[in-house]
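Values quoted throughout were computed directly from the atomic coordinates according to the rules given, and no laboratory measurement underlies them. Since the model is a prediction, treat every value here as computed from it, not as a measurement. Virtual Cβ from ideal backbone geometry, glycine too; neighbours counted across all protein chains shown.
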Amino acid sequence: PVVKYRKDYQPSQYLIKNTNLLFQLFDDYTLVTSELKITRNPLDNRETLLPIELDGVELELVSIHLDGQVLDDSDYEKRAHTLIINKVSETFNLTTVVKILPHKNTSLEGLYTSSGKYCTQCEAEGFRKITFYLDRPEVMSEFTVRIEGDKAKYPLLLSNGNPVDRGELTDGRHFVAWHDPFVKPSYLFALVAGDLDCLEDTFTTMSGREVKLELYVDKGKLDQCRFAMDSLIASMKWDEQEFGREYDLDLYMIVAVSDFNMGAMENKGLNIFNTKYVLANKKTATDADFEGVERVIAHEYFHNWTGNRITCRDWFQLSLKEGLTVFRDQKFSEDMQSAAVERIDQVKIIRAAQFAEDSGPMAHPIRPDSYIEMNNFYTVTVYNKGAEVIRMMHTLLGKTGFRKGMDLYFDRHDGQAVTCEDFIKAMEDANGKDWSLFRNWYRQAGTPVLKVDLEKLADGHFRLNCEQSCPATPGQEHKNPFMLPIKVGFLNNTGHPVKFAETNDAAGVDETLLVMTETKQSFDIYCESDSLVPSLLRDFSSPVKLEYSYTQEELASLFAADPNPFNRWDAGQTLMTQMLMSETSKLTEDELSVVDNAFIKILNDEELDNALKSLAVMVPELNSLIGMSDNVKLDQLFAKHKQLKVHLGEKLEHTWFSIYNTTSGDTSGDRWLRNTALRYMMIANDEQHFELAATQQTHADNMTDELAALQVIANASEGYRSEYIEQFYQKWKEEELVMDKWFTAQVVNDDEAILEHVKALLNHEKFSIENPNKVRAVVGAFVAGNTSQFHNPTGQGYEFLADIIIQLNKINPQIAAGLAKQFNQWRKFDSKRQALIQEQLVRIKSLDNLSNDVFEVVDKSLQ
Ligand code: B3K
Ligand code: ZN
């Protein structure tokens with residue numbers, strides 16, 4: 001495998017001005033004819049014209065013409081992944097015909113079929129599986145596409161842009177031609193052919209243009225589309241209001257497919273989505289599913305400006321579009337839902353997954369320096385930490401300054417393929433800033449640790465002493481300081497928020513933003529109070545690990561009264577985390593009662609909404625506890641985690657019971673709290689409360705409640721559960737997405753025998769190893785969601801995961817590599833588990849035909 005380095009970047013010597021494609025879809029194969037108008041790149045300053053190297057993978061070359069002439073064998077050379085043409089000039093036309101096999105394509109990259117329809121996935125480097133091309137994002141071309149296929153089987157033939165021609169052919173075939181007026185890189189190309197239902201609507205843009213909106217789904221699913229359409233319309237409006245961005249084509253299409261490697265893809269004018277992020281109605285989708293649909297629809301829509309109109313120069317710059325677009329979708333969700341709840345969800349992802357990645361063998365800066373397989377770098381670091389970096393800019397500049405920077409970025413770079421540096425520069429220039437130091441966020445991997453203490457200098461005068469450091473990561477021993485925006489406020493010794501000032505004579509404020517730019521820095525605080533409890537890093541204002549030696553009482557007072565809802569939640573999490581991660585093998589009675597008392601206060605707080613209450617009374621998830629620390633005693637952690645949950649269930653059983661009986665269940669917050677109560681009650685006594693859960697499952701009129709009941713039932717003692725698991729199955733077996741939930745509910749039971757059941761589910765008629773949603777529902781959910789059984793000391797969980805990775809390596813390398821990342825944290829565990837995991841990694845690495853995707857992950861893990 002070849003490593004590609006960012007430092008080796010050179011502009012492409014050639015560009016493709018026009019791309020003209022003909023797709024002829026036949027039952028067993030597809031012919032792709034491509035006519036490319038190739039010109040020399042004006043940015044190229046090499047002395048001579050080198051042979052052009054087109055990318056192409058698994059293509060059977062049928063014919064090749066240059067400027068209309070058949071090309072001699074000696075003028076080109078076809079290698080495994082490239083087509084090299086020696087006969088070049090400043091401009092020339094190249095025509096190739098290739099044969100591809102979409103039906104046999106299980107990698108779900110390039111052109112493939114999914115339940116009877118054709119679809120594509122080209123990002124990052126999938127277009128080369130369709131035709132020979134300069135498959136790199138800086139090569140932006142104007143596309144014209146003609147698709148021909150059987151009219152009865154494929155009445156719909158879709159591609160990017162606008163339909164410009166259609167007509168009948170012989171043998172029951174027909175064609176449609178498309179033209180996309182906007183230049184684009186090949187990764188944004190899309191094609192769909194099939195027989196689908198369509199939900200139509202329109203949107204009138206701020207300048208008064210009418211855009212047709214079309215949402216395509218499998219036949220019979222129209223009743224699950226309305227929410228996605230409304231989310232699209234809300235996103236279009238929001239981007240106009242917040243960023244002045246208007247949609248540019250006359251048509252916006254979304255197609256939902258069942259077989260998809262990730263969530264969705266922002267192809268110009270023709271988004272292709274995983275059904276999971278389109279189909280939703282109250283009966284089939286949970287409240288969390290609705291939020292997911294809204295977020296992903298918005299994310300892909302926002303890419304039209306941040307990604308498509310302005311794209312990436314090379315794949316090292318991926319965070320340019322992804323970090324920024326995640327930030328935009330987060331802001332959108334904050335406006336649509338509760339901002340605090342949304343922020344808490346975002347931070348949970350950072351702590352559980354990104355911190356883990358940042359401390360493991362695959363740690364990389366948000367702008368990576370090298371990769372073997374680009375698909376391995378669509379990571380929580382590039383996406384979510386990337387979004388945190390953009391958020392810090394927003395925090396530092398304020399809403400208005402940030403908007404100025406965005407406007408300048410759009411003005412300067414519309415229609416271009418640019419770098420992260422160009423983005424920072426636009427932000428700096430629009431606001432007259434020098435952000436040399438801020439750039440360290442783009443260069444350095446690893447999670448900074450921010451250590452803070454509060455010193456009392458005199459009555460009314462305090463000092464916050466801050467120190468930052470960042471652990472070494474692969475290839476980066478020494479780290480320079482980061483620019484850290486730290487939002488702070490204070491409570492006094494009676495647990496009330498107080499005003500304070502940064503200089504002796506200034507007027508008091510409730511909150512301030514401190515900006516740290518050095519390794520060590522102190523900030524003076526003036527406040528008339530005997531003692532203070534600092535509320536630090538409000539809203540998680542920098543993506544760091546905070547260290548402050550809070551006492552349990554201090555945390556309890558922040559949990560009870562911090563006016564910043566995020567920090568209030570966080571105080572509870574920190575309180576429990578400290579206890580769970582301490583050296584002791586069991587929680588003491590005192591510790592347990594600190595938590596249950598704190599919970600009671602939260603549950604009785606009439607000001608707090610039910611969604612925030614639900615979040616506050618959740619014990620930190622095992623994954624996030626593991627993600628945040630470098631050395632984990634798993635058995636001890638599992639025992640204490642269970643002890644705490646059982647205690648909270650039992651001690652507060654009456655409270656849970658009364659919440660369950662008095663909360664209406666009309667809003668998502670109500671349902672959430674009610675189901676949280678049900679979960680705790682079942683932990684306390686599943687025999688006694690079983691009937692409640694069973695009744696809820698049977699009579700629920702929405703999937704949130706129905707699934708919550710199934711989940712607790714599937715975790716209850718054997719003997720009760722099978723009847724209800726079967727009942728759910730009989731009711732929902734024709735709904736693929738509901739079946740995914742049904743699978744997942746059964747694999748998170750921490751029963752010792754669960755692995756056998758997981759294996760049995762792999763043979764279930766509704767399971768398919770070729771469908772990524774199913775793999776995620778069973779294997780992914782077991783590995784990531786059943787932490788204690790995945791890490792069962794026998795090592796069977798590890799062996800199971802390795803078996804699946806080995807099987808998927810051939811079928812779908814991207815999904816296989818994603819699963820292989822689950823081993824990345826192995827050096828945090830005890831030596832016995834380390835040895836067991838290492839054995840599996842070595843076994844995988846020794847495979848013949850190991851894909852680059854999996855190779856890169858296991859090789860780095862073993863280094
Ligand atoms: N840009 C795509 C992700 C492509 C992943 C390729 N392995 C979806 C998104 O981020 O919106
Ligand atoms: Zn994206």
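What shape does the stretch 369-494 have by the C-alpha gyration tensor, where a ≥ b ≥ c are the square roots of the eigenvalues, rounded means a/c under 1.5, and otherwise prolate means a/b greater than b/c and oblate the rest?
Numbers: a/c = 2.57, a/b = 1.44, b/c = 1.79.
Judged from the Cα gyration tensor, the stretch 369-494 comes out oblate (a/c at least 1.5, b/c at or above a/b).
Averaging over every viewing direction, what projected area does the convex hull of the Cα atoms of the chain cover, in nm²? Display every interim value, and only then the final one.
Numbers: hull surface 147.3 nm².
The number I arrive at for the chain is 36.8 nm².
Please give the calculated 222 nm ellipticity per residue for the chain, where each DSSP H segment of at least 4 residues contributes -39500 (n - 2.57) and the sum is spread over every residue; nearest 500 deg cm²/dmol?
Per the formula, -12000 deg cm²/dmol.
What is the stretch 678-831 by shape, rounded, prolate or oblate, if you read a ≥ b ≥ c off the alpha carbon gyration tensor as root eigenvalues and call it rounded for a/c under 1.5, prolate for a/b larger than b/c, and oblate otherwise? It is oblate, given that a/c is not under 1.5 and a/b is not larger than b/c.
Think of each Lys and Arg Cβ as +1 and each Asp and Glu Cβ as -1; about the Cα centre, that makes the dipole of the stretch 707-843 roughly 580 debye.
Report, in debye and to the nearest 20, how large the dipole of the chain comes out about its Cα centre when Lys and Arg carry +1 and Asp and Glu carry -1 on their Cβ.
Values: 91 positive and 132 negative charges, 263 e Å.
Value, rounded to 20: 1260 debye.
For residue 547, the amide hydrogen comes within under 5 Å of the amide hydrogens of 450, 451, 452, counting only partners 5 or more places away or on other chains and with H modelled in the peptide plane.
Which shape class applies to the stretch 573-721: rounded if a/c is under 1.5, otherwise prolate when a/b exceeds b/c and oblate if not, where a ≥ b ≥ c are the square roots of the Cα gyration tensor eigenvalues? It is prolate, given that a/c is not under 1.5 and a/b is the larger ratio. Helix 634-651 sits at what angle to the longest principal axis of the chain, using alpha carbons and giving 0 to 90 degrees rounded to 10? Computed tilt is about 60 degrees.
What the phi angles of the stretch 763-776 give under the Karplus curve with 6.51, -1.76 and 1.60, with θ = phi - 60°, is a coupling list of 9, 5, 5, 8, 8, 9, 5, 7, 9, x, 4, 5, 4, 5 Hz, glycine and proline written as x. Looking at the stretch 712-769, the pairs of alpha carbons with a distance over 18 Å make up 29% of the total.
With only alpha-carbon atoms in the gyration tensor, what are the semi-axes of the equivalent ellipsoid for the stretch 462-518, in Å, largest first?
Values: eigenvalues 205, 33, 16 Å².
Working through the eigenvalues yields semi-axes of 32, 13, 9 Å.
Other residues lying with their Cβ under 11 Å from the Cβ of residue 196 contribute a combined charge of -1, Lys and Arg counting +1, Asp and Glu -1. Residues whose amide H falls under 5 Å from that of residue 515, counting only those 5 or more places apart or on a different chain, are 486, with hydrogens built in the peptide plane.
Calculate log10 I(q)/I(0) of the stretch 284-431 for q = 0.09, 0.12, 0.18, 0.21 Å⁻¹, where I(q) comes from the Debye formula with a single equal point scatterer on each Cα and nothing for solvent. Log10 I(q)/I(0), no solvent term: -0.28, -0.51, -1.14, -1.43.
Against the main long axis of the alpha-carbon atoms of the chain, helix 420-431 sits at an angle near 60°. Equivalent ellipsoid of the stretch 433-529: semi-axes from √(5λ) of the C-alpha gyration tensor, largest first, are 31, 14, 11 Å. Loop-located GluC sites (Glu not before Pro) in the stretch 8-80 (DSSP state not H, G, I, E or B) with no more than 13 neighbouring Cβ atoms inside 10 Å: 47. Amide hydrogen proximity for residue 190: with H placed 1.01 Å from N in the peptide plane, the residues at 5 or more positions away or on another chain lying under 5 Å are 160.
The equivalent ellipsoid of the stretch 657-723 has semi-axes of 19, 13, 9 Å, largest first, where each one is the square root of 5 times an eigenvalue of the Cα gyration tensor. Each residue of the stretch 365-381 was assigned a 3J(HN,Hα) from its phi angle through the Karplus expression (A = 6.51, B = -1.76, C = 1.60, θ = phi - 60°), giving x, 4, 10, x, 9, 7, 7, 9, 10, 4, 4, 6, 10, 8, 10, 5, 6 Hz with x at Gly and Pro. The angle between the Cα long axis of helix 796-811 and the main principal axis of the chain comes to about 20°, on a 0 to 90 degree scale.
Relative intensity of the stretch 4-195 on a log10 scale, I(q)/I(0) at q = 0.10, 0.15, 0.17 Å⁻¹, equals -0.40, -0.90, -1.14, per a Debye sum over C-alpha point scatterers of equal strength in the absence of solvent.
For residue 530 and residue 511, compute 0.36 nm times the residue count separating them, minus their Cα-Cα distance, and round to one decimal in nm. Extra length from residue 530 to residue 511 when fully extended: 5.0 nm. Using θ = phi - 60° in the Karplus curve 6.51 cos²θ - 1.76 cosθ + 1.60, the 3J(HN,Hα) couplings for the stretch 817-830 round to 5, x, 5, 4, 4, 5, 7, 4, 8, 4, 6, 7, 9, 5 Hz; x is entered for Gly and Pro.
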